[in-house]
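Here is the structure we will look at.
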Amino acid sequence: MTLFTSLMLPNGTSIPNRIAKAAMEENMADADHAPSDDLIRLYDAWARGGAGLIITGNVMIDARAMTGPGGVVLEDDRHLARFRHWADTARQRGAQVWMQLNHPGRQMLSALGQPTVAPSAIALELGTFSKRFAMPRALTETDIADVLARFTRSAVLAEQSGFTGVEIHAAHGYLLSQFLSPLTNRREDRWGGSLENRARLLLDVVKSVRNAVSPGFAVAVKLNSADFQRGGFGPADARRVIDMLGAHGVDLIELSGGSYEAPAMQGEARDGRTLAREAYFLEFARDMVAVATMPLMVTGGIRRLAVAEQVLESGTAMVGIATALSIDPELPNRWRQGDASAPQLKPIQWKNKALGSLANMAVVKFQLKRLSAGRTPNPAVSPLRALIAQQIGTACQTRRYRQWMTRGAAIPQ
């Protein structure tokens, strides 16, 4: 087996090779929060690059709940033509293309002006940055039913748009991940307490989506191997959740880790320890291969051919690559041709870890903006320059989003 061997999924469909473009948050929606021309040009570059699987950045199931002000929203059929154009562009070279569906829960900037919800009323702890996130309101039973219905509706619309699957985001401290963690889920009803209760919403979402889409449409889950916070969701919990998911028609699980409070997906633990810079979660994946009934995918800092091959040798089925493909979207083609390119950004080692995390994301988004404009990425960009540009852009997008919501353009139908 090599990186360019196809993978047969449990649903009977095939991914043409073992390299996946993992999700990155592009924040490139148009004025109606549908896919913009810039976003579609970006996916054209990735489609031509040769990855066998392309997973989109966050697509929001609820316009009132955004991971960022420029996010794409799919909650009704008003802009399906734009979504079809996006899917057709990304699929042009034969890749499977999955839409990542998400709800941020408490990880939503208060500047967006929308009420914040979570399993329990527990605020984010980000030091001086904590004030940028509001205290969330605990979800009611009615709210939870609405979340479940929205994940399902968005998955159905994704299939109608020509996507070949969805990935349900239950990692990185977003809403479904918040339900899984005992640090953020203090509920005393059927949604909290035991791991079986904390995993209930994720399992219900998976079951509902699986029943609503066609058998050949892929249903995947992105799951934390750990939160990297003392007392939080850990490897033993993840192992049990993977086992639970095995009975519900999941076609692939992507393993990652961390949250806004502990951004391990960027190579830092909460206490500032530097994690391995490539294949952060490979060791955990090795342990899970023996118990998982579905293919596993590892994402986290992979940029070298030798490391990607090591991932496959461990028994992991797919290699997820994100940042490296923001620098060189042609990387899969280069590896296929025998070029062992290894694109890299300079590590950001600022003392303020939260600010460094923001700068890291800004540098990646700087590359995405250049690619979307048909320009060559600039991995040597100053992190400070990228961060300032990102903050200015976010402020402009935030104003536009608030105006859009005020106009009632996103009122659920």
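At a glance:
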quantity: Pairs, first under 15 Å from Met60 (Cα atoms) and open to solvent by 80 Å² or more (accessible area, probe 1.4 Å) in the range 77-93, second in a helix (DSSP H, G or I) and of a type outside the set (A, V, I, L, M), C-beta under 8 Å, six or more apart; calculated: Asp77/Gln160
quantity: Criterion violated by Leu203 - all others in (1) touching a residue at least 60 places away in the same chain (Cβ under 8 Å); (2) hydrophobic (A, V, I, L, M, F, W, C); (3) not in a strand (DSSP E or B) satisfied; calculated: (1)
quantity: Residue within the range 203-216 that is within 19 Å of Leu9 (Cβ to Cβ) and among the hydroxyl-bearing types (Ser, Thr, Tyr) present; calculated: yes
quantity: Filtered residues of the range 118-145 (kept if β-branched (Val, Ile, Thr) and open to solvent by 30 Å² or more (accessible area, probe 1.4 Å)); calculated: Ile122, Thr128, Thr140, Thr142
quantity: In the range 361-388, residue farthest from Val147 (Cα to Cα) [restricted to those that are among the aliphatic types (A, V, I, L, M) and surrounded by fewer than 17 Cβ atoms within 10 Å (Cβ to Cβ)]; calculated: Ala380
quantity: Residue in the range 348-355 that is modelled with pLDDT of 90 or more and crowded, with 20+ Cβ neighbours inside 10 Å present; calculated: no
quantity: Given (1) open to solvent by 10 Å² or more (accessible area, probe 1.4 Å); (2) over 20 Å from Ala149 (Cβ atoms), index of the condition Leu252 fails; calculated: (1)
quantity: Out of Ile40, Ile54, sole residue that is in a helix (DSSP H, G or I), of a type in the set (A, V, I, L, M), in contact (Cβ under 8 Å) with a residue 12 or more places away in the chain and closer than 19 Å to Ser161 by Cα; calculated: Ile40
quantity: Subset of the range 10-26 [surrounded by fewer than 24 Cβ atoms within 10 Å (Cβ to Cβ) and in a loop (DSSP other than H, G, I, E, B)]; calculated: Pro10, Asn11, Gly12, Thr13, Pro16, Asn17, Met24, Glu25
quantity: Residue ID - least open to solvent (accessible area, probe 1.4 Å), chosen from residues in the range 167-188 that are in contact (Cβ under 8 Å) with a residue 24 or more places away in the chain and of a type in the set (D, E, K, R); calculated: Glu167
quantity: Meets criteria (modelled with pLDDT of 95 or more, touching a strand residue (DSSP E or B) at 6+ places or on another chain (Cβ under 9 Å) and open to solvent by less than 40 Å² (accessible area, probe 1.4 Å)) for Leu275; calculated: no
quantity: From Ala340, Ala359, residue being within 20 Å of Gly70 (Cα to Cα), at pLDDT below 95 and touching a Leu at 6+ places or on another chain (Cβ under 6 Å); calculated: Ala359
quantity: Within the range 294-388, helices (runs of 4 or more DSSP H) holding 1 or more residues that are within 23 Å of the chain's Cα centre (by Cα) and free of Cβ contacts under 8 Å to residues at least 12 places away in the same chain; calculated: 353-372
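Quick grid of which residues meet (1) within 16 Å of the chain's Cα centre (by Cα); (2) within 23 Å of Thr398 (Cα to Cα):
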site	(1), (2)
Arg64	no, yes
Thr67	yes, yes
Gly71	yes, yes
Leu74	yes, yes
Ala81	no, no
Gln96	no, no
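The values are calculated or read from the model by the stated rules, or taken from the named source; none is laboratory data. Fair warning: this is a prediction, and the values are worked out from it, not measured in the lab. Positions of Cβ are generated from backbone atoms using ideal geometry, with glycine treated the same way; all protein chains shown enter the neighbour counts. Just so you know, the surface numbers come from the protein's heavy atoms only, side chains and all, with ligands and any DNA or RNA stripped out. Shrake-Rupley method; radii C 1.70, N 1.55, O 1.52, S 1.80 Å.
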